[in-house]
Amino acid sequence: MTTPIHVMSEIGKLKTVLLKRPGKEVENLTPEIMERLLFDDIPHLPVIQKEHDAFAQALIDRGVEVLYLEKLAAEAIDAGKVKEKFVDRILDESNIETDGVREGLKKYLLSFDTQEMVDAIMAGIRKKDVSIESHHLADVSSEEVYPFFMDPMPNLYFTRDPAAAIGKGLTINHMAFEARNRESLFIEAIMNYHPRFADQGVEVWRDRNHTSRIEGGDELVLNDKVLAIGISQRTSAKAIEQLAIELFERNSNFEKVLAIKIPNVRAMMHLDTVFTMVDYDKFTIHPGIQKNNGEVDTYILEKGGEPGTVKMTQRSDLQEILREALDVPKLTLIPCGGGDAIAAPREQWNDGSNTLAIAPGVVVTYDRNYVSNALLRSHGVEVIEIASSELSRGRGGPRCMSMPLIREDLPK
Ligand SMILES: NC(=[NH2+])NCCC[C@H](N)C(=O)O
């Protein structure tokens with residue numbers, strides 16, 4: 001197994017994972033902008049960093065290699081000698097109002113060494129920090145009250161979403177909201193220029209140059225043949241069908257995509273906020289996505305008769321669909337918060353269904369979701385809890401905060 005990306009399941013022993021340590025970007029929030037930037041509160045930086053370091057350490061203690069997005073991005077930019085090109089690319093997507101401001105920002109960013117520059121872009125660029133040399137009214141009179149020329153990217157620590165490893169490749173995502181869409185530029189640079197990934201046989205199943213949206217929180221690799229992808233607030237049916245066609249027609253091993261429809265609401269933005277795989281035959285599920293008798297609208301996509309088409313079957317018996325797809329005798333759905341009227345929505349809000357499997361039957365979860373954690377244990381799952389007071393304020397859990405790059409294959 002020598003390829004830099006290898007993910008044939010959700011639960012195979014985790015070997016290498018991509019994280020982002022929360023930085024200044026999570027503190028560059030105010031009540032006025034946090035909703036637009038998809039935060040519900042403002043994290044306390046030293047504490048969120050401590051919690052995140054403990055998350056990373058829990059993975060390292062289990063033999064996982066932890067890579068950091070911010071470090072790989074800087075290394076990639078240096079390796080490719082593309083500092084200026086990268087700055088141009090990110091400025092193109094940062095809503096810069098005038099040429100004068102753009103020039104000033106470019107000069108400012110290029111004055112840093114590469115790592116500092118990457119960190120500064122991620123943190124957001126304050127107007128007060130950049131001098132604009134211009135005699136044009138528009139350059140000097142920009143909306144004074146708004147503090148940023150370039151918005152902070154507080155959601156970067158959710159490395160799951162801007163890209164998703166699938167098999168020996170990945171999708172580099174066009175994300176749903178402007179608040180996050182620039183995030184996938186870092187991954188794009190890493191795949192193009194970092195010596196660990198560039199020209200190493202990594203398949204880009206779908207790049208970010210699309211108009212239809214998809215995010216990694218919706219992309220689940222159930223096994224080496226079947227994916228589950230959420231039709232959600234963040235991922236459109238169109239993007240799923242396009243990706244399925246790419247996977248079926250190019251040299252991937254995937255044969256089936258289960259497109260699972262979940263409610264279009266903030267609390268359940270991605271499939272992995274309501275549904276994650278914890279063992280060969282066990283999933284967590286938030287009962288809020290199930291209708292009577294546990295039904296969930298699901299569309300099964302397979303290779304179509306004509307090129308560029310898919311064959312589609314609609315069903316709603318999710319438990320049986322999963323049992324068949326995974327070829328197990330019995331499949332268990334473990335309800336978040338035990339399905340209790342209060343505990344279920346409360347724990348789901350703080351990512352109680354969002355587990356990161358690091359091996360079959362071994363998961364990392366937030367400590368605050370004690371009802372769900374106890375239930376997982378009663379089903380024989382090993383639960384590694386991490387502190388979550390500040391991490392959870394961004395509305396994402398351990399799966400959202402990690403992008404597996406290499407997992408061991410499951411025994412056949
Ligand atoms: N895979 C996930 N569930 N990620 C959660 C991302 C949370 C982030 N604040 C957002 O709204 O985008």
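Enumerate the helices (runs of 4 or more DSSP H) found wholly within region 19-93, keeping only those where 3 or more residues are of a type in the set (Gly, Ala, Ser). Walk me through it before giving the result.
Values: elements: 31-34, 45-61, 69-80, 83-92.
Per the criteria, 45-61, 69-80.
Take the residues in region 260-281 that are assigned to a strand (DSSP E or B) and surrounded by fewer than 24 Cβ atoms within 10 Å (Cβ to Cβ); name whichever of them is nearest to the ligand (Cβ to nearest atom).
First, pick out the residues of region 260-281 that are assigned to a strand (DSSP E or B): 260-261, 275-279.
Subset that is surrounded by fewer than 24 Cβ atoms within 10 Å (Cβ to Cβ): 261, 279.
Numbers: LYS261: 16, ASP279: 20 Å.
Residue satisfying both the conditions and the ranking: LYS261.
Sort out which residues of region 345-359 are in contact (Cβ under 8 Å) with a residue 40 or more places away in the chain and crowded, with 22+ Cβ neighbours inside 10 Å, and write them in order of number. Scanning region 345-359 gives GLN348, ASP351, GLY352, SER353, ASN354, THR355, LEU356, ALA357, ILE358. Just to be sure before I move on: is ALA58 in contact (Cβ under 8 Å) with a residue 24 or more places away in the chain, buried (at least 22 other Cβ atoms within 10 Å of the Cβ), among the small types (Gly, Ala, Ser) and at negative phi in the structure I sent? For ALA58, the condition - in contact (Cβ under 8 Å) with a residue 24 or more places away in the chain, buried (at least 22 other Cβ atoms within 10 Å of the Cβ), among the small types (Gly, Ala, Ser) and at negative phi - is not met.
Any idea which residue in region 187-201 is farthest from PRO263 (Cα to Cα), counting only those that are touching a Lys or Arg at 6+ places or on another chain (Cβ under 9 Å) and surrounded by 18 or more Cβ atoms within 10 Å (Cβ to Cβ)? Break it down stepwise before answering.
Step one: filter region 187-201 for residues touching a Lys or Arg at 6+ places or on another chain (Cβ under 9 Å), giving 187-190, 193, 201.
Then drop every residue that is not surrounded by 18 or more Cβ atoms within 10 Å (Cβ to Cβ), which leaves 187-190, 193.
Details: ILE187: 28, GLU188: 30, ALA189: 33, ILE190: 33, TYR193: 38 Å.
Ranking the qualifying residues of region 187-201, first place goes to TYR193.
Does region 104-113 include one or more residues that are at pLDDT 85 or above, over 14 Å from LYS83 (Cα atoms), part of a helix (DSSP H, G or I) and not hydrophobic (A, V, I, L, M, F, W, C)? Yes; the residues of region 104-113 include at least one that is at pLDDT 85 or above, over 14 Å from LYS83 (Cα atoms), part of a helix (DSSP H, G or I) and not hydrophobic (A, V, I, L, M, F, W, C). Taken over region 230-243, residues that are surrounded by fewer than 23 Cβ atoms within 10 Å (Cβ to Cβ) and touching a strand residue (DSSP E or B) at 6+ places or on another chain (Cβ under 8 Å) amount to 4.
Suppose we filter region 114-137 for residues that are assigned to a loop (DSSP other than H, G, I, E, B) and under 17 Å from GLU70 (Cβ atoms); how many remain?
Within region 114-137, the subset assigned to a loop (DSSP other than H, G, I, E, B) is 124, 130-136.
Still in the running and under 17 Å from GLU70 (Cβ atoms): 124.
Of the residues in region 114-137, 1 are assigned to a loop (DSSP other than H, G, I, E, B) and under 17 Å from GLU70 (Cβ atoms).
Return yes or no: is ARG250 among the charged types (D, E, K, R), surrounded by fewer than 24 Cβ atoms within 10 Å (Cβ to Cβ), more than 16 Å from the chain's Cα centre (by Cα) and farther than 30 Å from GLY338 by Cβ? Before you say what the answer is, go through the steps one by one.
Values: among the charged types (D, E, K, R): yes; surrounded by fewer than 24 Cβ atoms within 10 Å (Cβ to Cβ): yes; more than 16 Å from the chain's Cα centre (by Cα): yes; farther than 30 Å from GLY338 by Cβ: yes.
Yes.
Only a single item in (1) within 27 Å of GLN57 (Cα to Cα); (2) in contact with a Cys (Cβ under 6 Å, 6 or more places away or on another chain) is not met by ALA344, and it is number (1). If you check ARG213, ARG160 for being over 21 Å from TYR68 (Cβ atoms), within 12 Å of the ligand (Cβ to nearest atom), under 14 Å from the mean Cα position of the chain (by Cα) and basic (Lys, Arg), only one passes: ARG213.
Among residues of region 282-297 being of a type in the set (S, T, N, Q) and buried (at least 18 other Cβ atoms within 10 Å of the Cβ), the one that is modelled with the highest pLDDT is THR284. For the condition farther than 20 Å from ILE289 by Cα and either touching a His at 6+ places or on another chain (Cβ under 7 Å) or not in a loop (DSSP other than H, G, I, E, B) (or both), LEU405 qualifies. Filtering GLU84, GLU97, GLU65, GLU133 for residues that are surrounded by fewer than 18 Cβ atoms within 10 Å (Cβ to Cβ), in contact with a Gly (Cβ under 7 Å, 6 or more places away or on another chain) and touching a residue at least 24 places away in the same chain (Cβ under 8 Å) leaves a single hit, GLU133.
In region 32-67, the residue that is farthest from the chain's Cα centre (by Cα) out of those that are farther than 30 Å from ILE5 by Cα and away from the ligand (no atom under 16 Å from the Cβ) is GLU32. Closer than 23 Å to CYS400 by Cβ and either loosely packed, with under 15 Cβ neighbours inside 10 Å or among the charged types (D, E, K, R) (or both): does that describe GLU302? Spelling it out, it is not the case that GLU302 is closer than 23 Å to CYS400 by Cβ and either loosely packed, with under 15 Cβ neighbours inside 10 Å or among the charged types (D, E, K, R) (or both).
Any residue in region 52-63 that is among the β-branched types (Val, Ile, Thr), touching an Asp or Glu at 6+ places or on another chain (Cβ under 6 Å) and not assigned by TED's automatic domain parsing to the domain that holds PHE112? Checked against the condition, which is being among the β-branched types (Val, Ile, Thr), touching an Asp or Glu at 6+ places or on another chain (Cβ under 6 Å) and not assigned by TED's automatic domain parsing to the domain that holds PHE112, region 52-63 yields no hits at all.
Pick from GLU188, GLU246, GLU241: which is within 30 Å of THR114 (Cα to Cα), assigned to a helix (DSSP H, G or I) and of a type in the set (D, E, K, R)?
Unique residue meeting the criteria: GLU188.
The values are calculated or read from the model by the stated rules, or taken from the named source; none is laboratory data. Treat the numbers as computed from the prediction; the structure is a model and nothing was measured. Neighbour counts are summed over all protein chains in view; Cβ atoms, including those assigned to glycine, are modelled from backbone coordinates with ideal geometry.
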